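**Student:** A single structure is presented below for examination.
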Amino acid sequence: MTREQRIAALKAAAAQRILILDGAMGTMIQRHKFDEATFRGERFADHPRLVQGNNDLLVLTCPEAITDIHAGYLAAGSDIISSNTFNAQRISLADYAMEGLAYEINVAAAQLARAAADAATRRTPHQPRFVAGPLGPTNRTASISPDVNNPGFRNISFDALAEAYREQARGLIEGGVDLLLIETVFDTLNAKAAGFAVLQTFDELGVELPLIISGTITDRSGRTLSGQTAEAFYFSIRHLKPFAVGLNCALGAELMRPYLAEIAAVADTLVIAYPNAGLPNAMGEYDEGPNDMACHIEPWAKEGLLNIVGGCCGSTPEHIAEIAGRVAQYPPRQVPKLERRMRLSGLEPFVHA
């Protein structure tokens, strides 16, 4: 299928059933316990910085492992798999002195995911598979000072973020993704820079792909790190006309539900959710098993809150298979037709009466 045909198939599938996203890439990479030498490979054997932990680099140095992870999620029933690009922009890659590899990594990651998805589609032509290109939040924040003694200080600008995201988006699109995923948004200004960059890249390349935006509620306050409620977050990025909007990471499924419901009530587009497998334990690991996670998520589908669902930190193909089996019996959330009103946002939403 051409990309246009795949996008049409994606939209048709979303109208018929709840789509299944994959689970955590980092969790699966950690299972391999790769050492420094594996991360380096032959090509980067003499690189001056330590690179262990640079998961995105593995698409160049250990591509077979990433392909196997994709295949595991596809076998578990994922309709959409995510390229291994969460930190693959030059801002985050600078920690490893590898910022010059940003474009190459994104192209390679997209191509690996594309090949895996196409192979699965050939095996199950009744269930075509799709590739999302994640653009993570970076390790900088545009609206919060990292210096408590200087609240006005910023360690990144909107323009620098947008430039990095443009390069990443171009690599993902040219590598063959079907949609772009601005995810784990803790600072809405970062997401706005990503959205701005994506729209510019669409214009430059003469393409337009579905865009998904997923925020993260950092604790039980029900707000993002930059202070917005879930509803205010949606109003802040609604102008980007996302194909789907929702939440991922930070919270497990049990704690995420009220904030997901808040978005589902006001979003005039599809809703996506991919929570962690519970909260991390004292060792930073996730203890919630597939059955427990699926038991928390199934009521979301039953109550009509979901269009796309998957897993974030700690989730595995076993989690995704269990979730897919539980939600298959429920229809997708119906997108509401909202009354036309002025909807504004700061830290709180404002809807004109």
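Quick note: the coordinates plus some simple rules give every number you see, no bench work behind them. Being a predicted model, the structure only gives us computed values, none of them experimental. Please note: Cβ atoms are built from the backbone with ideal geometry, for glycine as well, and neighbour counts cover all protein chains shown.
**Student:** Pairs please, first residue from segment 105-134 and closer than 13 Å to ASP79 by Cα, second anywhere and charged (D, E, K, R) and not in a helix (DSSP H, G or I), Cβ atoms under 6 Å, 6+ apart in sequence or on different chains.
**Tutor:** Matching pairs, first to second residue: ALA117/ARG129; ALA120/ARG129; THR121/ARG129; PHE130/ASP178; VAL131/ASP178.
**Student:** Specify which of the listed residues (ALA13, ALA102, ALA88) is in a helix (DSSP H, G or I) and under 24 Å from CYS313 (Cα atoms).
**Tutor:** Answer to the selection: ALA102.
**Student:** Here are some residues: GLN16, GLN30. Which one is loosely packed, with under 15 Cβ neighbours inside 10 Å and touching a residue at least 60 places away in the same chain (Cβ under 8 Å)?
**Tutor:** GLN16
**Student:** Could you please let me know if SER145 is among the polar types (S, T, N, Q) and in contact with a Lys or Arg (Cβ under 8 Å, 6 or more places away or on another chain)?
**Tutor:** So SER145 passes the test.
**Student:** Now a separate question. For segment 141-162, give me each residue that is of a type in the set (A, V, I, L, M) and over 24 Å from the mean Cα position of the chain (by Cα).
**Tutor:** Selection gives VAL148 alone.
**Student:** Within the set of pairs 6 or more residues apart or between chains, which connect a residue that is on the phi > 0 side of the Ramachandran plot inside segment 175-192 to a residue that is of a type in the set (Lys, Arg) and part of a helix (DSSP H, G or I) with Cβ atoms less than 9 Å apart?
**Tutor:** GLY176/ARG3; GLY176/ARG114
**Student:** For CYS312, work out the one condition from (1) surrounded by fewer than 15 Cβ atoms within 10 Å (Cβ to Cβ); (2) in contact (Cβ under 8 Å) with a residue 40 or more places away in the chain it doesn't fulfil.
**Tutor:** Tallying (1) surrounded by fewer than 15 Cβ atoms within 10 Å (Cβ to Cβ); (2) in contact (Cβ under 8 Å) with a residue 40 or more places away in the chain, CYS312 fails exactly one: (1).
**Student:** Let me ask another. Looking only at segment 315-337, which residues are surrounded by fewer than 20 Cβ atoms within 10 Å (Cβ to Cβ) and more than 23 Å from GLN16 (Cβ to Cβ)?
**Tutor:** Hit for segment 315-337 is GLU318, nothing else.
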